[in-house]
Amino acid sequence: MSIKTATLKCSPSGLVTAVNNLRLKQIPYWLMTDSPNNRVLVPAFGQNGPISMSVSRDGPAEVVNFSVENDGAAQVLFEIDDGSNPLALMNAPVHIGTILGTGIQPYILPNAINVDELRKLRVTLTDLSGVDNNIRIVGQCYRPMVAVPDPKMVKARVRKSNKQYLMGLYFYTTCGGPISLTPAAPSAEVSIDIDNMRHFKLMQMSRVADGSFNIDILNGQTGESLLDAPSGQHYEIPDNLIWGDAHYPFKFQRGRLFQRDQKIVVRVTDTSGLPSNKIYLTFAGQFITSNMWEA
Amino acid sequence: MINMEQFIRKSGNSYMPMPGVRNIMPFNLAPDQLTGPMPFTVPAAGAGTLYVKYTGINNFQTIYGTPFELLRLVFGGGTPIAPAGTQDISVRFKMFNGRDYMNAPVHIRTLYGWTSATGYLPAAIREPFFLFTSEYIMAEFTKLSGGALTNFYPYLRGVQYYPITGLNAGPGDAKIVEKIKKWRDRSRNCYPFWLTTDNPIVHPAVAGNVQQSQVKIADCPYEAFTLSCVATNPNFEMEIKEVVTGQTLMNGRITQTNGIGDATLPTVLPFSYILPRGAILRITTQQLNAAGNTIYLTMQGRKLNAPMQSFPVSIETPESDIMTDADYERNIVLEEIGAIA
């Protein structure tokens, strides 16, 4: 994940003989919303943002996980702002309970986010709790400082910086907002439209819901389900078998590729019996620019 | 930990450990019964200290004896969730030769993981520690507040090696004996170390109160892997800065909820943090409500008693045949938090 640098030099006998000077310029870093907005106040059912999360010119940062302290539920939209058109990291705002963990159990991103003094992360928050909501987001980073005099390190950094336009972090959630199930309408079928320019490699899934539900996940074009039962059948299974949360998202052993312009279809059925079961689903993974395949 | 795959040999459809490594097993090292059998009693605050001695398994004085490789710390007793209750204990580790493993006593819940009847969530240490035959380390347990704790079970977890062959205790497999020898040499100047503030951070019951504490890296470079904290009141924010170089680790202030873990699930730094000799970390904390607070902050890592040097090649350089970034140093950190599939 991070640029790899040896820390120690050891003699054949095993004795540690030196510590790498270069490691003094590679540090862990906590990236927050810019001061004085470390704590973002989101009014009840209101919105605050976009708020920048930016690093200084001392060097770029690679965000590897997210954590949060918040008073109540909210939705979050992350974007990369390079001064021109902001690049969204998700197709729509997602529930913070699906991608922001805590200091003890942070949400490990399936792909790191690269930011520098010219490209900053920015966040827009929308309250769902109905009361004023204080939210403090932290991205834990690896940060190589620019004072590093190592040409290999500089090359590696440029390579990583360029690569992010071809492949990077992306989140999908259901089009049209969260799924609402009621006793009168206990089932639903909704779709997630994959970008028409970029493939999507699904790597992690997390959800927040009022109650339990059964779910099936299908490829909208082929009808193929991600859930394989005997005799090629597939059917809905309980959500807690294949969906995690921000602390422990469900991780695929290998990423599942959805080609550009395809649809992910989910079928859900309420099993909670609650008067209202609102379901927020988040699919996390990597976008892969389709031009890379055509070249 | 030593990679054991090289000592496994395939025989037909089965895999057999080579003869010299049959006696390598997971092990819980209990303290010597200095004060009677466990559970021990930690005296009430102000009433004294419990001294506990952990002695390496004394068996077969052959070459390097029967070393115990310490990888985890775990304790039981009291209630796991009471912040200022029965587990409010400070710990200090010392080796028989006087070597300290922490700059000051640390809070037990920033050092030991918790166990109950099922023994879950031990605390990992970031550099294995080999306790050779007849060596011992001392732990000092002192209650910070409250009455005596009478059901205290502190264990060390790891791997017990018997690198010998047969009942005559002759030398075992040459390769594994050689590996153990290298680990012994390595432990002379590279060993686990816990770094805490010189004193616990104490906030009076004043909202907005700001305190500054510092941690000095006195004698040799230090590499921090994780960060953990215990506080009597979670409503505070914290900033960490290295004052000699002015290097700041954050662009704002973190809180206990969004930025700091505990001994069982510490905040794993995305990249280990090297502090050179002479570095000073300044910890600024601000209380957010009008209740008092005592904060115990601990960094887990290792001391590297070697000079800082520029390496001729910086990227993907193997360090040695027994310890590389790939086979141990980062993997143990990242795998624990699920960053590596």
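Values in this text are rule-based calculations from the coordinates and carry no lab data. What you see is a predicted model, and the numbers here were worked out from it, not measured in a lab. Every residue, glycine as well, gets a Cβ built from its backbone with ideal geometry; the counts of neighbours run over all protein chains shown.
Here the simple spin-label model places points 7 Å from the Cα toward Cβ, and for A:LEU166 and B:ARG99 these points are separated by 4.7 nm.
If you add up the charges near B:HIS107, with Lys and Arg at +1 and Asp and Glu at -1, over every other residue whose beta carbon is less than 10 angstrom from its beta carbon, what do you get?
Numbers: positive: B:ARG109; negative: B:ASP88, B:ASP262.
Every neighbour counted, the sum reads -1.
Peptides A:119-131, A:274-286 ranked from most to least packed, by the mean per-residue count of other Cβ atoms within 10 Å: A:274-286, A:119-131. With θ taken as phi - 60° and the Karplus curve 6.51 cos²θ - 1.76 cosθ + 1.60 applied, the whole-hertz 3J(HN,Hα) list for the range B:201-213 is 7, 10, 9, x, 7, 9, 4, x, 4, 10, 10, 10, 10 Hz, x standing for glycine and proline. Counting Cβ atoms of other protein chains within 10 Å of each residue's Cβ and taking the mean over peptide B:241-254 gives 5. The mean count of C-beta atoms from other chains within 10 Å of the C-beta of residues in B:303-311, rounded to a whole number, is 6. Near A:ASN133, the amide H atoms lying under 5 Å from its own belong to A:VAL42, A:ALA44; only residues 5 or more places off or on other chains count, and H is placed 1.01 Å from N.
Under a 5 Å amide H cut-off, with hydrogens placed 1.01 Å from N, B:PHE236 pairs with B:GLN256, B:LEU288 among residues at least 5 apart or on other chains. For the peptide B:259-270, the mean number of other protein chain Cβ atoms found within 10 angstrom of a residue's Cβ is 6.
If you take all other residues with their beta carbon under 10 Å from the beta carbon of B:ILE137, and give Lys and Arg +1 and Asp and Glu -1, the sum is +2.
Report the FRET efficiency, 1/(1 + (r/R0)^6), for B:ASP198 and A:GLN233, where r is their Cβ-Cβ distance and R0 is 56 Å, rounded to 0.05. Let's see the in-between values first.
Values: r = 65 Å, r/R0 = 1.16.
Efficiency, from the Cβ-Cβ distance: 0.30.
For the pair the range A:13-71 / the range B:175-234, the C-alpha centres are spaced 21 Å from each other.
Length gain on complete extension for the stretch B:ASN189 to B:GLN286, per 0.36 nm per residue less the alpha carbon to alpha carbon distance?
Numbers: separation 97, 0.36 × 97 = 34.92 nm, distance 3.69 nm.
So the extension gain works out to 31.2 nm.
Taking Cα atoms only, the orientation of helix A:151-163 departs from the longest principal axis of chain A by about 20 degrees. What the phi angles of the range A:266-274 give under the Karplus curve with 6.51, -1.76 and 1.60, with θ = phi - 60°, is a coupling list of 10, 10, 10, 9, 5, 10, 8, x, 6 Hz, glycine and proline written as x. Taking amide H atoms as placed 1.01 Å from N in the peptide plane, the amide H of A:GLY177 has no partner under 5 Å among residues 5 or more positions away or on other chains.
Other residues whose C-beta falls under 12 angstrom from the C-beta of B:THR284 contribute a net charge of +1, scoring Lys and Arg +1 and Asp and Glu -1. Residue by residue, the range B:135-148 carries 3J(HN,Hα) couplings of 7, 8, 10, 10, 10, 10, 10, 10, 5, 8, 7, x, x, 5 Hz when phi is fed to the Karplus relation 6.51 cos²θ - 1.76 cosθ + 1.60 (θ = phi - 60°); x denotes Gly or Pro. Listed cross-link partners B:LYS181/B:LYS241; B:LYS179/B:LYS303; A:LYS251/B:LYS53; B:LYS179/B:LYS241; A:LYS251/B:LYS179; A:LYS155/B:LYS179 are compared with a 32 Å cut-off, the Cα-Cα value being larger for B:LYS181/B:LYS241; A:LYS251/B:LYS53; B:LYS179/B:LYS241; A:LYS251/B:LYS179; A:LYS155/B:LYS179.
For Cα pairs less than 8 Å apart in space and 6+ apart in sequence, what is the mean separation divided by the residue count of the range A:57-192, i.e. the relative contact order in percent? Intermediate results must be reported in sequence, preceding the final value.
On the way: 227 pairs, mean separation 48.3, N = 136.
The normalised contact order for the range A:57-192 reaches 36 percent.
Qualifying chymotrypsin sites (Phe, Trp or Tyr not before Pro) in the range A:208-279, where qualification requires a DSSP coil assignment and no more than 13 other C-beta atoms within 10 Å, comprise A:TYR235.
For A:GLU117 and A:VAL158, compute 0.36 nm times the residue count separating them, minus their Cα-Cα distance, and round to one decimal in nm.
Details: separation 41, 0.36 × 41 = 14.76 nm, distance 1.39 nm.
Between A:GLU117 and A:VAL158, full extension yields 13.4 nm more.
Fewest first, what order do B:MET299, B:MET102, A:MET205, A:MET145 take by the number of other Cβ atoms within 10 Å? Can you show the working numbers first?
Numbers: B:MET299 29, B:MET102 19, A:MET205 22, A:MET145 15.
Lowest to highest Cβ neighbour count: A:MET145, B:MET102, A:MET205, B:MET299.
Out of the range A:1-76, which chymotrypsin sites (Phe, Trp or Tyr not before Pro) are coil in DSSP terms and have no more than 15 other C-beta atoms within 10 Å? Kindly include the intermediate steps, with their values, before the conclusion.
Numbers: sites: A:TYR29, A:TRP30, A:PHE45, A:PHE66; in loops: A:PHE45.
Those that pass, being in a loop and sparsely packed, are A:PHE45.
If you take the beta carbon distance between A:GLN259 and A:THR182 as r and set R0 to 41 Å, what does 1/(1 + (r/R0)^6) give as a FRET efficiency, to the nearest 0.05? Don't skip to the end; give the middle numbers.
Details: r = 35 Å, r/R0 = 0.84.
With R0 = 41 Å, the Cβ-Cβ based efficiency is 0.75.
Between A:ASN134 and B:TYR153, the distance separating the two model label sites (each 7 Å from Cα on the Cα→Cβ line) works out to 4.0 nm.
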